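The values are calculated or read from the model by the stated rules, or taken from the named source; none is laboratory data. What you see is a predicted model; the values in this text were computed from it and never measured. Cβ atoms come from the backbone with ideal geometry, glycine included; neighbour counts cover every protein chain shown.
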Amino acid sequence: MNPAPPVVVSGVSKTFQRARDRSPVEALKDVSLNLRANTFVTLLGPSGCGKTTLLRMINGLIKPDSGQVLVFGEPPKPGPRIGFVFQSFRLIPWLTVRNNVGFGLSLQGVDQGEKNDRVEYYLKLVGLSRFADVYPHELSGGMKQRAALARALVTEPEILLMDEPFASLDAQVRELMQMEMMRLWSERKSIVLFVTHSVDEAVIMADQIVLMGPRPGRIVETIDVTLPRPRWDAEIRMRRDFVELRGYLWNRIREMVMRDPSSDFYTGESDSI
Amino acid sequence: MATGLKASMITVYRLLAFVLFLLLWWVISLVVGENLIPTPLSTLSAAQYLIGDGRIAQPLLSSLGVYCSGYALAVVVGIPIGMLMGGIRDLGRTLDIYVNALMATPRVAFIPLIILFLGLGPEAKIAVVFLGAVIPILIGTYSGILNSDAELIEMARSMGATRSQIYWRIMLPGALSFVVMGLRIGATIGLINTVVAELYTAASGLGGLLALYGNTFQMARYFVVVLALALIGGLVSQGLRMLENWASRWRVTTAGN
Ligand SMILES: Nc1ncnc2c1ncn2[C@@H]1O[C@H](COP(=O)(O)OP(=O)(O)OP(=O)(O)O)[C@@H](O)[C@H]1O
Ligand SMILES: [Mg+2]
């Protein structure tokens, strides 16, 4: 028999109770997902379909109401083995870039010498060595996200959860960061679960795309991406299989959004467009 | 460089404003009459006399003693209690309505009670200053911790931070600017209460001199005391502003680079 995959999500549901007279939200319903070692998985789906909830659950920040999440065979606990990168960077404003990157190591009480070496290494890896001693507010958006990435990488996690990490960057910086991320990942593979709203981003980065749908949050489809790597040249976006996959995903998401009564684009039950 | 130029312009403007203020003072004193509002010059000569005679030194020291003791006590008590109330949620929820009620009560109302317990000496005065300063310091600390950034806390949690690590590394440093704000408000109220205490208990210090000169219409000397109080207030708030700048140094762009 094959060994169990490192991350196993089986039949997980989560409902959030809300303040009086508002109905509870089924953020996730019967979600099952396995993540294989060394795969880059992108999680794609309309707003509110439970992507962030699923990430927080795999990190161990929240527990499922029913079903089970196993990471390396155990219920997950937040810690250095599972990195988390957030859309809003979440750098600590009163710490320098160096100390932000070293934050996880200092939580674990790693000794000063080793900590410095590792921080130095990851600062260099993301190209921030020159900015080690400045405070986050002096950095551009792209630099902030690279600092946040270094902070997540410095504990050398086996699983990296990324929640729309590039969503607040402008289009050019975003594409550069995608390339950067793929370079980092190809140098040191790990499981990456990467949430995005961008179909292009989902396709270009992924070994596997997990498509989710809203209300209740669920997995609609899982697609393996067989485009060859590396994918840094622009030609990749002109390949026929890229264009077809992209078109297909677009249509699926559009359908979901238009059939969702609580979305801004709801067009009624019949889809006549 | 442009900002340096601007800063020196501000200094010039400030001097101009000071000269303008002196002029205005002088004109008013001429219009109202020198026996009600002394001219700047006669105030200056009164100051020279009071300082030279050593008559202001002792009250000044006595006021500063009361003020500093009461304020120091308020810092030493207010910050830790605020930290406890912020760190232990249930304790904070239990106590905060009482603290807020105390904040809203004019604390001068407690002076008769304090006199009853501590008499009219320096202990009572220090208690009045303490009571005025401690509540804003406590509330500043407490609300700073309550206002901590939920996103940063979640980030720290996702990295496996323990509750105490989150408290010491995220919540408390994040509360610093609120603490300093509490310290500033506490310093102002403390100074007010110093004078109030000196007027209401055994008259002494600068407050005592205010009463003495005010009641006997020695207006030039009275003005010297008022200016001395203004000077203390100005120095204290300048010192705390420096503390504030230090506490928020990460917000300010460092030179160079
Ligand atoms: N702590 C919470 N309390 C109440 N409701 C919540 C909570 N967290 C999430 N929800 C609700 O659960 C649903 C799924 O939320 P989630 O944040 O996982 O969606 P998402 O797919 O990440 O959306 P987006 O793309 O907008 O980030 C939403 O309807 C949201 O309002
Ligand atoms: Mg989300």
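Going through (1) under 17 Å from the mean Cα position of the chain (by Cα); (2) under 20 Å from B:ASP149 (Cα atoms); (3) of a type outside the set (Val, Ile, Thr) one by one, A:HIS137 falls short only on (1).
For the structure I just gave you, tell me whether A:VAL192 is assigned to a helix (DSSP H, G or I) and either within 14 Å of ligand 1 (Cβ to nearest atom) or more than 14 Å from chain B (Cβ to nearest Cβ) (or both). So A:VAL192 does not fit the description; no. Just a yes or no: is a residue in the range A:214-223 within 25 Å of A:ASN34 (Cα to Cα), among the small types (Gly, Ala, Ser), within 16 Å of ligand 1 (Cβ to nearest atom) and more than 14 Å from chain B (Cβ to nearest Cβ)? For the range A:214-223, residues within 25 Å of A:ASN34 (Cα to Cα), among the small types (Gly, Ala, Ser), within 16 Å of ligand 1 (Cβ to nearest atom) and more than 14 Å from chain B (Cβ to nearest Cβ): present. Selection over the range A:160-172 of residues that are away from ligand 2 (no atom under 16 Å from the Cβ) and either in contact with a Phe, Trp or Tyr (Cβ under 8 Å, 6 or more places away or on another chain) or at pLDDT 90 or above (or both) gives a count of 1.
Would it be correct to say that A:GLY11 is more than 29 Å from A:LEU169 (Cβ to Cβ), touching an Asp or Glu at 6+ places or on another chain (Cβ under 6 Å) and away from ligand 2 (no atom under 16 Å from the Cβ)? For A:GLY11, the condition - more than 29 Å from A:LEU169 (Cβ to Cβ), touching an Asp or Glu at 6+ places or on another chain (Cβ under 6 Å) and away from ligand 2 (no atom under 16 Å from the Cβ) - is met. The condition (being in the same structural domain as A:LEU227 (by TED's automatic domain parsing), farther than 26 Å from A:VAL199 by Cα and at pLDDT 90 or above) is satisfied by just one residue among A:LEU43, A:LEU70: A:LEU70. Pairing residues of the range A:86-100 that are on the phi > 0 side of the Ramachandran plot and facing chain B (nearest Cβ under 7 Å) with residues that are of a type in the set (D, E, K, R) and within 16 Å of ligand 2 (Cβ to nearest atom), at Cβ distances under 7 Å and at least 6 apart in sequence or on separate chains, gives A:ARG90/B:GLU151. The one condition from (1) modelled with pLDDT of 90 or more; (2) away from ligand 2 (no atom under 16 Å from the Cβ) that A:THR53 does not meet is (2).
Given the criteria farther than 27 Å from B:LEU84 by Cβ, assigned to a helix (DSSP H, G or I), more than 14 Å from every other protein chain (Cβ to nearest Cβ) and of a type in the set (Phe, Trp, Tyr), does B:TYR213 qualify? Spelling it out, B:TYR213 is indeed farther than 27 Å from B:LEU84 by Cβ, assigned to a helix (DSSP H, G or I), more than 14 Å from every other protein chain (Cβ to nearest Cβ) and of a type in the set (Phe, Trp, Tyr).
Beta carbons closer than 8 Å, at least 6 apart along the sequence or on distinct chains, pair a first residue in the range A:39-61 that is within 11 Å of A:MET162 (Cα to Cα) and away from chain B (no Cβ under 14 Å) with a second that is in a helix (DSSP H, G or I) and within 13 Å of ligand 2 (Cβ to nearest atom) for A:LEU43/A:LYS51; A:LEU43/A:LEU54; A:LEU43/A:LEU55.
For the range A:158-177, the condition holds for at least one residue, the condition being that it is away from chain B (no Cβ under 11 Å), within 25 Å of B:MET171 (Cα to Cα) and of a type in the set (A, V, I, L, M).
Evaluating B:VAL225 against the criteria (1) assigned to a loop (DSSP other than H, G, I, E, B); (2) away from chain A (no Cβ under 14 Å); (3) surrounded by 17 or more Cβ atoms within 10 Å (Cβ to Cβ) leaves one unmet condition, (1). Considering the conditions (1) out of contact with any helix residue (DSSP H, G or I) (no Cβ under 8 Å at 6 or more places or on another chain); (2) within 13 Å of ligand 1 (Cβ to nearest atom); (3) among the small types (Gly, Ala, Ser), A:GLY45 is excluded by exactly one of them, (1).
Of the helices (runs of 4 or more DSSP H) entirely within the range B:27-121, those holding at least 2 residues that are under 30 Å from B:ARG221 (Cα atoms) occupy B:40-52, B:57-87, B:111-118.
Look through the range A:17-31, keep the residues that are surrounded by 13 or more Cβ atoms within 10 Å (Cβ to Cβ) and either within 16 Å of ligand 2 (Cβ to nearest atom) or more than 12 Å from A:PRO216 (Cβ to Cβ) (or both), and return whichever of them is farthest from the other protein chains (Cβ to nearest Cβ). In this case the residue turns out to be A:GLU26.
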